[in-house]
Amino acid sequence: MKFFNCILLLSLVLCVSAQNWFTEAGSFIRDAYGGAGDMWHAYRDMREANYKNADKYFHARGNYDAAQRGPGGKWAAEVISDARKGWQSDVSGRGAEDTHQDQEANAWGRSGGDPNRYRPEGLPSKYKCSL
């Protein structure tokens, strides 16, 4: 819950400078919450699937779904991806190459690229991207 409160606060700060800040802020916040939810669903599906070589697909899918919501969703995906990158490189002990590949998949999804580029063969259709 603290995470979502942080997104709300940061969203408000970013939207204050918009011309029609009230409606823009509302859209941005709604998109950010939805985008954070998309990222959570992709993470949950990745953990549930527990499928070898599928992590890049779920990174791309979460970022893609979040970015499709609009600027707030794209922003939330970038914040979450960057926070995870910091954790992964500092705490988890995973290598720099893996972190770089994750960030590449994140950027691909956020830019509207088809996440299926990273989908491993044989991953159950239950985890299909909503293109």
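Coordinate-derived values only; no laboratory data. All of these numbers come straight from a predicted model, not from anything done at the bench. Cβ atoms come from the backbone with ideal geometry, glycine included; neighbour counts cover every protein chain shown.
Protection proxy ranking, highest mean first, for peptides 30-42, 106-118, 53-65: 53-65, 30-42, 106-118, where packing is the per-residue count of other beta-carbon atoms within 10 Å, averaged. Mind running the shape call on region 31-131? Use the C-alpha gyration tensor, a ≥ b ≥ c as the square roots of the eigenvalues: rounded below 1.5 for a/c, prolate if a/b tops b/c, oblate otherwise. Cα axes put region 31-131 in the oblate bin.
For region 58-69, backbone phi angles converted through the Karplus equation (6.51, -1.76, 1.60; θ = phi - 60°) give residue-by-residue couplings of 5, 4, 5, 5, x, 5, 4, 4, 5, 5, 5, 6 Hz, Gly and Pro being listed as x.
The HN-Hα couplings worked out from phi for region 123-131 by the Karplus form 6.51 cos²θ - 1.76 cosθ + 1.60 (θ = phi - 60°) are 5, x, 5, 4, 9, 5, 6, 8, 7 Hz, whole numbers, x standing for Gly and Pro.
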